[in-house]
Amino acid sequence: MGRQVLVTGGTGYIGSHTVVELQSKGFEVIIIDDLSNSSAEVVDQIEKITGIRPLFEQFNLLDAKRLNTFFQKYNHIEAIIHFAAFKAVGESVNKPLAYYQNNLISLMYILECMSRYKISNLVFSSSCTVYGQPDQLPVTEQTPKKEAESPYGNTKAISEEILNDVVKATPEITAIALRYFNPIGAHPSSLIGELPQGVPNNLVPFITQTAAGIRPQLSIFGDDYQTPDGSCIRDYINVVDLAKAHVVAINRLLDNKTKSRYEFFNIGTGKGASVLEVVKTFEKATGVKVNYTIVARRPGDIEQIYADTTNANKILGWKAEVSLHDTLLSAWNWEKKIRNIN
Ligand code: WQD
């Protein structure tokens, strides 16, 4: 069996796609997930895709006793990818304490265990939300971080500070933070994908549910921004491309190729797309009309952000490959699969 990697949050949206890519590159994957925002059958689906069933333990990382027992049992882990976190921006505004507790303490427990059990390598799931509304575009890794728009975004910014400080104090730990832009789409097999609970907050699952007739209409939050068509611009990245970036980061750590013991990279396509462009591209890719209406802006939305991916391309050696067209088609194929629409 290959080198062992722990994936926390491994039954989640990005986590499950990353487990598939790790297994396909010969890594032995162990998943910890508390299933608070995913389901155990994702493990079955991963096995269907790769033919290998990842080891899976269900518990919350805040259970320090259970986490230590886990590391005593699995004592060949060489690297950790830490996805496990609450991630709903709106929810975080209403439940800040739950977000700070869950997202920050889980990271601190993971770092403590890395020290205790001599695990040197960590890939951390960060976010472009650390940039807030940038003054210049595209954003590079040197673009100043700004006041987070939400407690969720703040947990990512604080987590990066914790990583930076802990790495400085702990020579045997090296970390890479990946700042995701907007992850969308699903695995080409349509066996795994995004499974939002309740009414989706994010644009693409709302589009696919509207196209599937589950939602009567998509509300586009504002078309009066200072952008070409007035709607907000984001950098939408295919989830499989994003998953592959994690495998590249893990190899960089295991091969001791990092230039410093804390590196961070923008993981995006480098191209911005507006909400209206996404809707039009979806309609073109799928042939399905999306019923939408323009409504007021959503509080907390920034006008536009997209990545300068020079470092990811040149230093990490990773580049996004799947087009917005094909990614939206994969999202639609996934929606049709889970709703039994042919
Ligand atoms: C995208 C655009 C909305 C829904 C999210 C996470 C953030 C980060 C990146 C992880 C915005 C518009 C949306 C709808 C709409 N992920 N929209 N109608 O807010 O850019 O950020 O992904 O770290 O944490 O929150 O993504 O998909 O919610 O919105 O018009 O029904 O689509 O206004 O312009 P966002 P989103």
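The values are calculated or read from the model by the stated rules, or taken from the named source; none is laboratory data. A quick note: this is a predicted structure, and the numbers were derived from the prediction, not measured. Cβ coordinates were reconstructed from backbone atoms using ideal geometry, including for glycine residues, and neighbour counts include every protein chain displayed. SASA here: full protein model, heavy atoms, side chains in, ligands and nucleic acids out. Shrake-Rupley method; radii C 1.70, N 1.55, O 1.52, S 1.80 Å.
Miscellaneous remarks
- With all protein chains kept in place, the per residue accessible area of the chain amounts to 43 square angstrom at a probe of 1.4 angstrom.
- Computed from the C-beta positions of Lys280 and Lys168 and an R0 of 35 Å, the FRET efficiency is 0.15 to the nearest 0.05.
- Charging the Cβ of each Asp and Glu at -1 and of each Lys and Arg at +1, and nothing else, the dipole of the chain about its Cα centre rounds to 480 debye.
- Computed over segment 129-249, the P(r) tail beyond 22 angstrom holds 52 percent of alpha carbon pairs.
- Remark on Lys271: its backbone amide H falls under 5 Å from those of Ala307, a criterion applied only to residues 5 or more positions apart or on other chains, H modelled at 1.01 Å from N.
- Helix axis angle, 106-116 relative to the chain longest principal axis, alpha carbon, degrees: 30 degrees
- Karplus-derived HN-Hα couplings along segment 214-223 (A = 6.51, B = -1.76, C = 1.60, θ = phi - 60°), whole Hz, x at Gly and Pro: 7, 10, x, 7, 8, 9, 9, 7, x, 10
- The Thr258 and Tyr292 beta-carbon pair, evaluated with R₀ = 51 Å, returns a calculated FRET efficiency of approximately 0.70.
- Cα-centred dipole magnitude for segment 127-284, charges only on beta-carbon of K, R (+1) and D, E (-1), debye, nearest 20: 400 debye
- Judged by the mean number of other Cβ atoms found within 10 Å, the most tightly packed of the peptides 144-157, 237-250 leads the ranking 237-250, 144-157.
- Here segment 176-322 has an Rg and Dmax of 17.0, 51 Å, counting Cα atoms alone.
- Built amide H within the under 5 Å cut-off of Arg261, gap 5+: none
- Between 0 and 90 degrees, the angle of helix 239-254 with respect to the longest Cα principal axis of the chain falls at about 20 degrees.
- Think of it as helices only: each DSSP H run of n ≥ 4 in the chain is worth -39500 (n - 2.57), and spread over all residues that comes to -11000 deg cm²/dmol at 222 nm.
- When the convex hull of its Cα atoms is projected in every direction, mean area for segment 1-126 (nm²): 7.3 nm²
- Stretch gain in nm, segment Tyr117-Glu47, where the contour uses 0.36 nm per residue and the Cα spacing is subtracted: 22.3 nm
- For segment 171-241, the fraction of 1.4 Å probe accessible surface lying on carbon and sulfur atoms is 51 percent.
- Set of lysines with alpha-carbon distance to Lys118 below 26 Å, sequence-local pairs under 8 removed: Lys25, Lys65, Lys73, Lys156, Lys168, Lys244, Lys257, Lys259
- 18 Å tail of the calculated P(r), segment 239-329, as % of Cα pairs: 58 percent
- Acute angle (nearest 10 degrees) that the helix 151-169 long axis makes with the longest principal axis of the chain, alpha-carbon atoms: 30 degrees
- Each part reduced to its alpha carbon centroid, segment 89-119 and segment 168-214 end up 19 Å apart.
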